[in-house]
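So the structure is just underneath, and the comments pick up after that.
What follows is calculated from the coordinates using simple rules that are stated; it is not laboratory data. Small disclaimer: the values here were computed from a predicted structure and weren't measured. Neighbour counts are summed over all protein chains in view; Cβ atoms, including those assigned to glycine, are modelled from backbone coordinates with ideal geometry.
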Amino acid sequence: MYRMNLGFTTRRVREGAASILVPKLDRAEGEHLDHALSKAPVFYNPIMRLNRDTAVLALGVHQGRLNRPLVVCEPMCGSGVRGMRLALEVAGVAGVVLSDLNPRAVRLAEENAALNGVSDIVRARLMEANLLLSLHDRPGHRFDYLDLDPYGSPAPYLDAAVRACRNGGMIGLTATDMAPLCGVYPKACLRKYGGQPLRTGYCHEIALRLVAGALVRAAARHEVAARPVFSYAADHYVRLYAVLERGARMADRCMEEMGYLLHCVRCLNRKPVGMRELREVGECDVCGSRLFVGGPLWLGELADASFCDEMLAMSESSALSSDRRLIRIIRLVRGEVGLSPSFYGIDALCSRLRVASLPTGEVLSAIRDAGFEATRTHFDERGVKTDASITELEKVLKGVAERRGKGHVP
């Protein structure tokens with residue numbers, strides 16, 4: 001335990017290659033961790049280590065592709081742990097600019113930079129995020145990588161981040177306001193992200209696509225194309241990495257991959273439609289019920305296959321190779337590339353068909369045997385992504401249930 005001239009008690013923790021000082025939590029018996037973290041003088045959330053692990057790999061791949069020194073920025077740094085790890089674990093990082101509105105956070109980040117021997121390349125500033133980004137929105141002053149990890153929504157920072165990101169640079173962003181994004185507070189989602197959520201079994205994918213869509217539209221306003229290279233949902237957040245390229249035509253091409261998801265709550269049918277295809281929502285072409293509309297949101301790929309492959313290869317030569325959850329998420333995200341938006345929950349389908357729950361592996365094999373593509377999804381342990389329609393999928397599940405002799409098949 002350390003007592004430094006910070007005005008609060010700290011303790012040392014190890015994360016990745018970094019050894020950092022974080023506030024010692026005064027946690028009451030039975031108190032929820034989130035509440036204890038919210039009272040800390042400087043924010044540090046150990047649960048978000050997976051988030052920071054992906055940042056190390058994603059930036060490592062990005063640096064390898066650019067093959068030049070990088071200057072990176074985290075404008076809401078808290079303890080500075082992410083900045084320390086990027087400086088220590090990613091080859092080619094020549095400078096790290098951190099900032100926070102909390103003077104204690106800035107001082108702690110400076111102490112952590114000194115503790116890890118990276119004070120020569122890590123600089124911490126007492127400054128509001130949008131102000132810092134606006135000071136770097138000119139050619140020659142922009143960043144190669146920006147990491148937005150706010151408490152809640154990244155929406156207020158998207159425009160400034162796009163302007164402050166270099167051509168060919170990358171933005172990583174986190175959204176933790178899952179209640180609006182998953183349809184609990186649809187008006188809040190519409191305000192922040194400009195899209196209507198869907199309260200469905202695949203709401204976390206909808207959430208990720210809404211966040212991606214908000215970034216794509218923010219970039220397009222500045223004639224910049226933002227294309228996701230890796231993204232996922234985990235715990236209480238969604239995380240997205242996108243590479244930015246300047247040019248009106250490229251921005252227009254990205255906008256062409258924006259659209260809507262039509263969802264039937266009765267039969268679970270869903271259909272992605274482009275921005276120009278949404279005239280009249282109409283009725284479900286399977287059961288005739290009313291269709292609900294989600295979006296506008298990103299309908300394109302949420303990850304790039306080669307980028308995922310390079311993340312996996314990089315993980316094998318690092319200490320992150322032992323992180324089974326991290327590796328599994330990357331592999332599952334890689335497997336989802338090429339399949340259309342949304343997924344089906346096996347348990348929900350079995351319940352609708354009034355059959356006993358079926359094993360995921362057996363369902364996947366049956367879908368493939370029927371001539372369709374199918375894969376597991378990282379969004380749900382019991383979720384399946386497939387190009388089969390709801391009608392075709394139900395037929396497959398009925399066949400599996402009949403062969404197993406389970407439940408009643410109408």
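Observations on the structure shown:
- In this Cβ point-charge picture (+1 for Lys and Arg, -1 for Asp and Glu), the chain has a dipole of about 400 debye about its Cα centre.
- Vicinal HN-Hα couplings computed from phi for the range 362-368 (Karplus, 6.51 cos²θ - 1.76 cosθ + 1.60; Hz; Gly/Pro x): 5, 5, 4, 4, 5, 5, 5
- For the chain, the convex hull spanned by the alpha carbon atoms encloses 155 Å³ per residue.
- With the charge dipole of the range 244-396 set up from +1 on Lys and Arg Cβ and -1 on Asp and Glu Cβ about the Cα centre, the Cα lying farthest toward the positive end among the listed residues THR375, SER318, SER351 is that of SER351.
- Taking amide hydrogens as placed 1.01 Å from N in the peptide plane, the amide H of GLY168 sits under 5 Å from those of LEU244, GLU245, ARG246, each at least 5 positions away in sequence or on another chain.
- At the listed q of 0.19, 0.20 Å⁻¹, the Debye profile of the range 23-149, built from one uniform point per Cα, gives log10 I(q)/I(0) equal to -1.07, -1.16.
- Distant-in-sequence amide H partners of ALA124 (H built 1.01 Å from N, under 5 Å): LEU98
- Degrees, to the nearest 10: 49-66 long Cα axis against longest axis of the chain: 80 degrees
- Amide H contacts of LEU299 (H built 1.01 Å from N, in plane; Pro and chain starts excluded): MET258, GLY259 sit under 5 Å, all sequence-distant by 5 or more or on other chains.
- Counting every pair of alpha carbons in the range 115-218, the share spaced more than 15 Å apart comes to 65 percent.
- Count Lys and Arg as plus one, Asp and Glu as minus one, and take only other residues whose Cβ is under 10 Å from that of ALA233; the net charge is then -2.
- Computed [θ] at 222 nm, deg cm²/dmol, the chain (DSSP H ≥ 4; -39,500 (n - 2.57); rounded to nearest 500): -11500 deg cm²/dmol
- For the chain, the tally of Lys pairs with Cα-Cα distances below 30 Å comes to 15, considering only residues 8 or more apart or on different chains.
- Helix 203-220 and the longest principal axis of the Cα set of the chain meet at an angle near 60°.
- Computed about its Cα centre, the charge dipole of the range 263-360 is approximately 500 debye, with only Lys, Arg, Asp and Glu carrying charge at their Cβ.
- Helix 305-316 axis, angle to the chain major axis (alpha carbon atoms, nearest 10°): 50 degrees
- Taking only Cα atoms of the range 203-362, radius of gyration then Dmax in Å: 17.9, 54
- Extents of the range 355-394, taken as max minus min of Cα coordinates on every principal axis and listed largest first, are 23, 22, 16 Å.
- In the range 242-290, trypsin sites (Lys or Arg not before Pro) in a DSSP loop with at most 14 other beta-carbon atoms within 10 Å: ARG266, ARG276, ARG279
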